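Peer 1: Pasting a structure here, questions to come.
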Amino acid sequence: MQLLVFLLKKIDLVWQRSWIHRGLERFIALARQSVTGRFVGDDPYGRMERLATDSQFLRLWRLITAPLVLLRRRWLDLFLPTADTSLVGNIVRHLAVPEGWQLAGISRAGVALVIGWLHAKIPLITTGHAPWNLSTVLLPLLIIAALYTFRTCTSTVAEVAAQSWIARGVAALFRDHDSEVAAGAAGGVGTTGTVGAARAPGAVTSPYPVAPALSPVAEKLMFLLLFGLGAGLGFLASRYGDVATVALLLALVALQLLIFRPALGLIGIAAFSPIDWFLRLQLPASVAAIWDKGLFVLMIAAIGAHWLTRRDFRWRGHPLFVALTAFNIIMITLFLIDHTYPRISVPFEGLRVVIQHTFWFYLAIQLLERPAQSRRFLIFFALIATGIAAFGVYQYIIKVPMPENWVDKAESITTRAFSIVQSPNVLGSLLVLTTPIALGLTYQSHRWQRWFFLACAGVMAACMVVTFSRGAWLGLGIAIVLFSLLQDRRIIAILLIGALLLPAAAPSVADRVSYLLSPSYFASSAKGGRIDRWNLALEKVQQHPMTGIGLGQFGGAAAERNAIYFSHKTLYTDNYYLKTAAETGLVGLFSLLGLILATIRFSIGSALHTARRYRPLAAGVACGIIGVALHNAVENVFEVPMMVISFWFCVALLGALRRRGEE
């Protein structure tokens, strides 16, 4: 370790004295003062506020929505006083603070649920409609006995969880040493303010929240409802099995949490890949394909409920709101004016692939309140990506078989890592997005956290190598160079040393890069590879220059699924921009390029103007976003739902890191 530190110090000294470093510093200083530098590096939230002040559109929008705002205010004036004194309102306020539930109340609620279960199961067993075994009755009785021991415990869920070694480890990993982060779960629209239930007289004051106490009548009603729920679950268990019934109970608990804390639903987006992979293994494809749509609808419904019941609810803006909305409107317009499709499902599917998953952006910006909250989601996202990358490295080590068409016959590669995303190029794109985030966390964190996140970045980099995705390598390389310019120029020296050592350290990587520049590659690519597909896309643009041949008719997943309806080839273009140009013409292409350029400008501006303690992390997120945008030039990255959702989720997270007034 001492030798490594000594070598790094020597490299740093040589780098500081090198002409490359001096020239780079002069170039950056000049770039910042240039017209382009000032344009790109402008503060996006400051710009948004200036435009909002003089926006005629916003004035018109406020005028149009004024009756709705007034109607909502009258509704709240009528609803809130009634809800505060009602029986249902008492129960809802209690359920809204799950971290403040006391073990004594949970004990009584659990007993009511289990008794209801037994009340339904025992008659079915005695009449022979349900199988009997010792655990059927003994296990519920043991659960009741265990719950009974907590009947007088006033400790809350948050208090007990905080004392567990798992919670302490998670808290240590997520702790932000540079800011004072309030205790408790991530908030969002569902964040609960002050909770007013006190402990029993004489109890020691606790920093943990306590749920508002139930009135005697509300408590009896809750126990009756739980008894009925237990009876219903017991009846279902006799028909569908205990495992399915327990899964249903957990789903109901998750639904309750989602209603009161919609921001928790974003955990499902950060963990999209493993959740989608697991559900597709366990459920029919038609069912597994709709889980994210169901989650989206539930979160929208929860936000709507908060809008109708919370006086302090506020809609949040984002500098890219207008740009993304304009792009989606243009795509919808092109869909409406197209009449060249063989059947209506073709352009509809093509439109859905383009715009559907961008809707998560609108939802996420409403749920992300604070920079610290955004940081926690980014840590979780980086941990998920590290697990995916580690599995990819494992695949390469054990030489998992792969399809022959993943490499040219002239190459000697026998294994490409694809992990759980089923494509090495898509895996590479995910790592382009997340590796700079891990680097940003490395610079933003302290003590052992820094080494942990550096190890995460190392695992991602190792997996990136064994994907053998040259487009992803290019995207990540540019992203890391940009990160070094924004955060630490010494990284460029490490990249230069790595490039010099590459042929000896990783000959297979060097061979794949050199093959890209060989005449054999160009000949092979021109016959049926990327060059051939790009030429086909350009031919479509020449035939229909303004509005293209129509959504869903060339170059992507929608066209491939409907290939039987077309006389022309529908190959993947491996270039999302050319695919867009072929389907939607120059109108669609320029709208997409405008959106991407606006996203790049927003990303760089946010990285430069974020509060100092979050600036390294903002730089990492920004570079990951830009890297994916560049990777789209050699791959249909935005054809993959996971990548589109992750991309716009990170754009929303970057906005929350930068949000003015919340540094």
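The values are calculated or read from the model by the stated rules, or taken from the named source; none is laboratory data. The shown structure was predicted, so the numbers you read here are calculated from the model rather than taken from an experiment. Neighbour counts run over all protein chains shown; Cβ positions are idealised from the backbone, glycine included.
Peer 1: Would you mind telling me which numbered condition in (1) among the aliphatic types (A, V, I, L, M); (2) free of Cβ contacts under 8 Å to residues at least 24 places away in the same chain; (3) touching a Cys at 6+ places or on another chain (Cβ under 8 Å) V92 fails?
Peer 2: (3)
Peer 1: Further question on the same structure: Return the residue satisfying two criteria in turn: it lies in segment 16-45 and is of a type in the set (A, V, I, L, M, F, W, C) and touching a helix residue (DSSP H, G or I) at 6+ places or on another chain (Cβ under 9 Å), and of such residues it is farthest from G605 (Cα to Cα).
Peer 2: I20
Peer 1: Show the residue pairs meeting these rules: Cβ distance below 7 Å; 6+ apart or different chains; first residue within segment 468-486 and more than 11 Å from T435 (Cα to Cα); second residue among the polar types (S, T, N, Q).
Peer 2: Between residues of segment 468-486 that are more than 11 Å from T435 (Cα to Cα) and residues that are among the polar types (S, T, N, Q), the close pairs are S469/N425; G471/N425; A472/N425; A472/S429.
Peer 1: List, please: which pairs have Cβ atoms under 8 Å, are six or more places apart or on different chains, and start with a residue in segment 590-602 that is under 20 Å from M48 (Cβ atoms) and end with one that is among the charged types (D, E, K, R) and surrounded by fewer than 19 Cβ atoms within 10 Å (Cβ to Cβ)?
Peer 2: From residues that are under 20 Å from M48 (Cβ atoms), the pairs are R601/D42.
Peer 1: Among the aliphatic types (A, V, I, L, M) and modelled with pLDDT under 85: is that true of L24 in this structure?
Peer 2: Criteria met by L24.
Peer 1: Could you check T434 against (1) of a type in the set (V, I, T); (2) farther than 15 Å from A385 by Cβ; (3) in a helix (DSSP H, G or I) and say which number it fails?
Peer 2: Of (1) of a type in the set (V, I, T); (2) farther than 15 Å from A385 by Cβ; (3) in a helix (DSSP H, G or I), only one is false for T434: (2).
Peer 1: Ok, one more. If you take just the helices (runs of 4 or more DSSP H) that sit entirely in segment 290-378, which of them hold at least 1 residues that are closer than 21 Å to I604 by Cα?
Peer 2: In segment 290-378, 321-337, 359-367 are the helices (runs of 4 or more DSSP H) which contain 1 or more residues that are closer than 21 Å to I604 by Cα.
Peer 1: Also: Would you point out which residue out of Q487, Q543 is polar (S, T, N, Q) and within 30 Å of the chain's Cα centre (by Cα)?
Peer 2: From the options Q487, Q543, the qualifying one is Q487.
Peer 1: Additional query: Can you find a residue that is surrounded by fewer than 18 Cβ atoms within 10 Å (Cβ to Cβ), more than 27 Å from D312 (Cα to Cα), modelled with pLDDT of 85 or more and hydrophobic (A, V, I, L, M, F, W, C) anywhere in segment 202-221?
Peer 2: Yes.
Peer 1: I've got another one for you. Taking the options V88, V97, name whichever one is under 31 Å from the mean Cα position of the chain (by Cα), surrounded by 11 or more Cβ atoms within 10 Å (Cβ to Cβ) and more than 30 Å from A622 (Cα to Cα).
Peer 2: Exactly one residue qualifies, and that residue is V97.
Peer 1: Would you pick out the residues in segment 66-89 that are within 11 Å of T309 (Cα to Cα) and touching a residue at least 60 places away in the same chain (Cβ under 8 Å)?
Peer 2: Answer for segment 66-89, where residues must be within 11 Å of T309 (Cα to Cα) and touching a residue at least 60 places away in the same chain (Cβ under 8 Å): R72, W75, L76, F79, L80, A83.
Peer 1: Could you check V426 against (1) touching a residue at least 24 places away in the same chain (Cβ under 8 Å); (2) not in a helix (DSSP H, G or I) and say which number it fails?
Peer 2: In the conditions (1) touching a residue at least 24 places away in the same chain (Cβ under 8 Å); (2) not in a helix (DSSP H, G or I), V426 misses (2) alone.
Peer 1: While we're on this one: Mind checking which residues of segment 224-251 are among the aromatic types (F, W, Y), in contact with a helix residue (DSSP H, G or I) (Cβ under 8 Å, 6 or more places away or on another chain) and within 15 Å of H129 (Cβ to Cβ)?
Peer 2: Within segment 224-251, F235 is the sole residue that qualifies.
Peer 1: Separate question: From L502, L474, L495, grab the single residue that is in contact with a helix residue (DSSP H, G or I) (Cβ under 6 Å, 6 or more places away or on another chain), on the phi < 0 side of the Ramachandran plot and in a helix (DSSP H, G or I).
Peer 2: Numbers: L474 fails: in contact with a helix residue (DSSP H, G or I) (Cβ under 6 Å, 6 or more places away or on another chain); L495 fails: in contact with a helix residue (DSSP H, G or I) (Cβ under 6 Å, 6 or more places away or on another chain).
Result of the check over L502, L474, L495: L502.
Peer 1: While we're here: List pairs: first in segment 135-149 and farther than 13 Å from G116 by Cα, second among the polar types (S, T, N, Q), Cβ under 7 Å, 6+ apart or cross-chain?
Peer 2: Correct list of pairs: L147/S107; Y148/S107.
Peer 1: Ok, one more. If a residue has to be of a type in the set (A, V, I, L, M) and over 15 Å from F649 (Cβ atoms) to count, how many in segment 359-382 make the cut?
Peer 2: Number satisfying all stated conditions: 1.
Peer 1: Can you run down the residue pairs with Cβ atoms below 9 Å, 6 or more apart or on separate chains, where the first is in segment 300-326 and on the phi > 0 side of the Ramachandran plot and the partner is part of a helix (DSSP H, G or I)?
Peer 2: Listed pairs, sorted by first residue: none to list.
Peer 1: Is it the case that some residue within segment 652-659 is crowded, with 20+ Cβ neighbours inside 10 Å, touching a residue at least 24 places away in the same chain (Cβ under 8 Å) and of a type in the set (K, R)? Step through it out loud before you land on a result.
Peer 2: So the first thing to find is which residues in segment 652-659 are crowded, with 20+ Cβ neighbours inside 10 Å, and the list is 652-659.
Still in the running and touching a residue at least 24 places away in the same chain (Cβ under 8 Å): 652-659.
Cutting the leftovers down to of a type in the set (K, R) gives us 658-659.
Checking segment 652-659: at least one residue is crowded, with 20+ Cβ neighbours inside 10 Å, touching a residue at least 24 places away in the same chain (Cβ under 8 Å) and of a type in the set (K, R).
Peer 1: Can you find even one residue in segment 119-142 that is on the phi > 0 side of the Ramachandran plot and at pLDDT below 90?
Peer 2: yes
Peer 1: Further, regarding this structure: Go through (1) crowded, with 24+ Cβ neighbours inside 10 Å; (2) closer than 20 Å to R375 by Cβ for G428 and report which single condition fails.
Peer 2: Checking G428 against (1) crowded, with 24+ Cβ neighbours inside 10 Å; (2) closer than 20 Å to R375 by Cβ, the one that fails is (2).
Peer 1: Can you name the residue in segment 411-424 that is in contact with a Phe, Trp or Tyr (Cβ under 7 Å, 6 or more places away or on another chain) and aliphatic (A, V, I, L, M) and is also farthest from L516 (Cα to Cα) among such residues? Break it down into steps so the answer makes sense when it comes.
Peer 2: Within segment 411-424, the subset in contact with a Phe, Trp or Tyr (Cβ under 7 Å, 6 or more places away or on another chain) is 411, 413, 415-417, 419-420, 424.
Those left that are additionally aliphatic (A, V, I, L, M): 413, 417, 420.
On the way: I413: 14, A417: 19, I420: 27 Å.
Ranking the qualifying residues of segment 411-424, first place goes to I420.
Peer 1: How many residues, within segment 204-261, are in a loop (DSSP other than H, G, I, E, B) and of a type outside the set (A, V, I, L, M, F, W, C)?
Peer 2: Initial filter on segment 204-261 (in a loop (DSSP other than H, G, I, E, B)): 204-215, 241, 261.
With of a type outside the set (A, V, I, L, M, F, W, C) added as a condition, the list becomes 205-209, 212, 215, 241, 261.
The total comes to 9.
Peer 1: Among what's in segment 76-107 and is in contact with a strand residue (DSSP E or B) (Cβ under 9 Å, 6 or more places away or on another chain) and part of a helix (DSSP H, G or I), pick the residue that is farthest from F260 (Cα to Cα).
Peer 2: L103
Peer 1: Something else about it: Residues of segment 617-643 being surrounded by fewer than 22 Cβ atoms within 10 Å (Cβ to Cβ) and within 23 Å of Q373 (Cα to Cα), which ones?
Peer 2: Once the filter is applied, which keeps residues that are surrounded by fewer than 22 Cβ atoms within 10 Å (Cβ to Cβ) and within 23 Å of Q373 (Cα to Cα), segment 617-643 yields only M642.
Peer 1: Which residues, taken from segment 383-414, are in contact (Cβ under 8 Å) with a residue 40 or more places away in the chain and either part of a loop (DSSP other than H, G, I, E, B) or farther than 18 Å from M460 by Cα (or both)?
Peer 2: V407, D408, A410, E411, S412, I413
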